[in-house]
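See structure below.
The values are calculated or read from the model by the stated rules, or taken from the named source; none is laboratory data. Only a predicted model underlies this, so the values are computations on that prediction, with no experimental measurement involved. Note that we place each Cβ from the backbone using ideal geometry, even for glycine, and neighbour counts take in every protein chain shown. Heavy atoms of the whole protein, side chains included, go into the accessibility calculation; ligands, DNA and RNA do not. Shrake-Rupley method; radii C 1.70, N 1.55, O 1.52, S 1.80 Å.
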Amino acid sequence: MPSNVIVGLQWGDEGKGKITDLLAKKSDYVIRYQGGNNSGHSIHIKNRYFVLHLIPSGVIYPGVKCIIGPGVVVDPKSLIQEIQNLESMGINTSKIFLAKRAHVTMPYHCLLDQYQEEFLGDRLIGTTHKGIGPTYVDKISRTGIRVLDLLDLKVFYKKLKYNIDVKNKIFIKIFKKKPLSFKSIYEEYIEYAKILYDRIIDAVYETHQAFHKKKKILFEGAQAMLLDIDYGTYPYVTTSSTSTGGVCVGSGIPPNFLKNFIGITKAYCTRVGFGPFPTEIKNEMSDVIRQKGNEYGATTKRPRRCGWLDLVALKYSCMINGINYLVITKLDVLSEFDIIKICIKYKSDDQVLQYFPAKIKQNIKGIYIDLHGWKQNISHIHEYIDLPNNCKKYIKFIEDFLNLEILLISVGSERNQNIVKNKSLFFKIFN
Ligand code: GDP
Ligand code: IMO
Ligand code: MG
């Protein structure tokens, strides 16, 4: 059974958690393939709110196997806490598994993340301080500690000793900070390995076997296209391959296992952290969107920067990800406005750009068209036909510009606040 992929198309927080949860109902597996606990994926079911950081957003369904894949970087302390939180909310966590090959985020990674940011001064990225970048750096440097290393005390001892020695030199000499104690970290992480032991699997074989048994597999992206290490707004990006291209690398499967590439976009744009944002709104309208859309980071609680929908960036994201179908979320948030702007080109210096440039200059501005708002609450609507006309025009404009079909429209955070736009197609894909 060919698999489906969900990715974010903007700067993260598009509602991947909500949509993955929705589609997980029809899945046997949900697999994360990159990123770490820098993610915050929210799920809202009646009066219960979940925020997942490492655990795939299929976990609410007891029958769905959730794999934290080989390409993810895992902070075991954070993972154990997340499992305990879910258990305290009555969620069955017995189907959460962790790939042996995943790299482990250690306390020195989190400190390095923080110290490097301090050192960058006004060039800082605004990372989540979760140690994600330094963990991937060690992976690429071939000095990282993998989950399977935690299971072999001698190997773990040697690898940790090397890493602590090197990092302590950096902490003391470069950052003028205190060194870390090897012994306490060694002992602490051995305990984490014991707690997680039964969940540690060879995820590559598990995934291939599942595929050959015709199981339905949903790959859940974290972060999003414009935060991709290669194709995002570098250097203001995260450190993994967030695109659909990252699925194969991060889960050990070939491209021909994959079929539908579902891109999630908000009906507007947000960004947490620093970096270019061509359609950012710099007046009180931004606060209106932030309040209405509750645009505060699910991981760091930072206020998200808000802006109009950027179709130039969206087209670029769809192109790189090979998106077949779109999901648009948070359309309800735009119900406030008389006029809704959509960016269709950029102006940079004196040039008009129709494409997303490799380097975005500070002075880049969006060129917009104005569409009329609908000024009525849509969050209770379940049928496309019942949407106000101006709302349909907004949807149609996006579809025409991108030459893509919007499969699903989300009009509220709750699991059932959705409009399936093309029902036959939707049920064909997710049945
Ligand atoms: P993710 O990282 O892509 O999973 O997104 P986040 O969970 O970080 O942020 C999305 C936020 O929007 C969460 O608080 C969701 O509960 C909420 N949300 C998702 N879809 C909708 C929607 O259609 N309307 C509204 N108002 N909120 C939504
Ligand atoms: P989800 O999966 C939004 C941003 C950070 C920072 C940059 C680098 O919830 O969409 P990092 O800690 O990854 O080195 O930070 O990336 N960032 C996110 N922004 N949603 C996320 O995840 C993010 N994960 C990282 O704010 O700008
Ligand atoms: Mg998020």
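Name the residues whose placed amide hydrogens come within less than 5 Å of the amide hydrogen of ASP75, ignoring near sequence neighbours (fewer than 5 apart) on the same chain.
For ASP75, whose amide H was placed from the backbone, the distant partners under 5 Å are ASN37, THR105.
Exactly which trypsin sites (Lys or Arg not before Pro) in the stretch 142-184 are in a DSSP loop and have at most 13 other Cβ atoms within 10 Å?
The qualifying sites are ARG142, LYS176.
Find the all-direction average of the projected area of the Cα convex hull for the stretch 219-365, expressing the result in square nanometres with one decimal place.
That works out to 9.4 nm².
What are the trypsin sites (Lys or Arg not before Pro) within the stretch 226-299 that DSSP puts in a loop, where the Cβ has at most 12 other Cβ atoms within 10 Å?
Hits after loop and neighbour filter: LYS282.
Run the accessible area of the stretch 265-430 with a 1.4 Å probe and give the carbon-and-sulfur part as a rounded percent.
Its accessible area is 51 percent carbon and sulfur atoms.
LEU309's amide H: which non-local residues (gap 5+, or another chain) put their own amide H closer than 5 Å, with H modeled 1.01 Å from N in plane and none for Pro or chain starts?
Amide H neighbours of LEU309: CYS269, CYS343.
Using only the Cα atoms of the chain, what are the Rg and Dmax in Å?
Looking at the chain, its Cα Rg and Dmax stand at 21.6, 67 Å.
Where does helix 389-402 land angle-wise versus the long Cα axis of the chain, in degrees 0 to 90, nearest 10?
Orientation of helix 389-402: about 60 degrees from the principal axis.
Could you check which residue among ILE385, ILE360, ILE132 shows the biggest mean-square fluctuation in a GNM of the chain with a 10 Å Cα cutoff?
Looking only at ILE385, ILE360, ILE132, the largest GNM fluctuation is found for ILE385.
If you plug each phi of the stretch 404-418 into the Karplus form 6.51 cos²θ - 1.76 cosθ + 1.60 with θ = phi - 60°, what whole-Hz ³J(HN,Hα) values come out, in order, with x for Gly and Pro?
9, 8, 8, 8, 9, 10, 9, 10, x, 6, 5, 3, 9, 8, 9
Per residue, how much accessible surface does the chain expose to a 1.4 Å probe? Answer in Å², no decimals.
Per-residue value: 44 Å².
If I ignore ligands, DNA and RNA and count only protein heavy atoms, how much of LEU148 is accessible to a 1.4 Å probe, in Å² to the nearest 10?
60
With all protein chains present, how much of the accessible area of the stretch 103-195 (probe radius 1.4 Å) comes from carbon and sulfur, to the nearest whole percent?
Answer for the stretch 103-195: carbon and sulfur cover 60 percent of the accessible area.
With the alpha-carbon atoms as the only input, what is the per residue convex hull volume for the stretch 295-374 in Å³?
So the per-residue hull volume is 147 Å³.
Starting from the stretch 346-399, pick out the chymotrypsin sites (Phe, Trp or Tyr not before Pro) whose DSSP state is loop and whose Cβ has at most 16 other Cβ atoms within 10 Å.
Within the stretch 346-399, the qualifying chymotrypsin sites (Phe, Trp or Tyr not before Pro) (loop, at most 16 other Cβ atoms within 10 Å) are TYR355.
I'm checking a number: the convex hull volume of the Cα atoms of the stretch 26-65, normalised per residue, in Å³. What is it?
67
Sort SER78, SER317 by heavy-atom solvent-accessible area, probe 1.4 angstrom, most to least.
Ranked list, largest accessible area first: SER78, SER317.
Just from the alpha-carbon atoms, what are the Rg and Dmax of the stretch 103-195 in angstroms?
Taking only Cα atoms of the stretch 103-195, I get Rg and Dmax of 13.4, 42 Å.
Leaving out same-chain residues fewer than 8 places away, which aspartates and glutamates sit with a Cα under 17 Å from that of LYS365?
Filter leaves GLU280, ASP310, ASP349, ASP350.
Can you show me the helix-derived [θ] at 222 nm for the chain, built from DSSP H runs with n ≥ 4 at -39,500 (n - 2.57) apiece and divided by the number of residues, rounded to the nearest 500.
-9500 deg cm²/dmol
Rounded to whole Hz and in sequence order, give me ³J(HN,Hα) for the stretch 76-86 from the Karplus expression 6.51 cos²θ - 1.76 cosθ + 1.60, θ = phi - 60°, writing x for Gly and Pro.
x, 5, 5, 5, 5, 4, 5, 5, 4, 4, 5
Residue by residue through the stretch 307-318, what is 3J(HN,Hα) from phi via Karplus (6.51 cos²θ - 1.76 cosθ + 1.60, θ = phi - 60°)? Round to whole Hz and write x for glycine and proline.
Couplings: x, 6, 4, 10, 6, 5, 5, 5, 5, 4, 4, 5 Hz.
Could you quote the convex hull projected area for the stretch 171-291, Cα atoms only and averaged over all directions, in nm²?
Mean shadow area of the hull around the Cα atoms is 13.2 nm².
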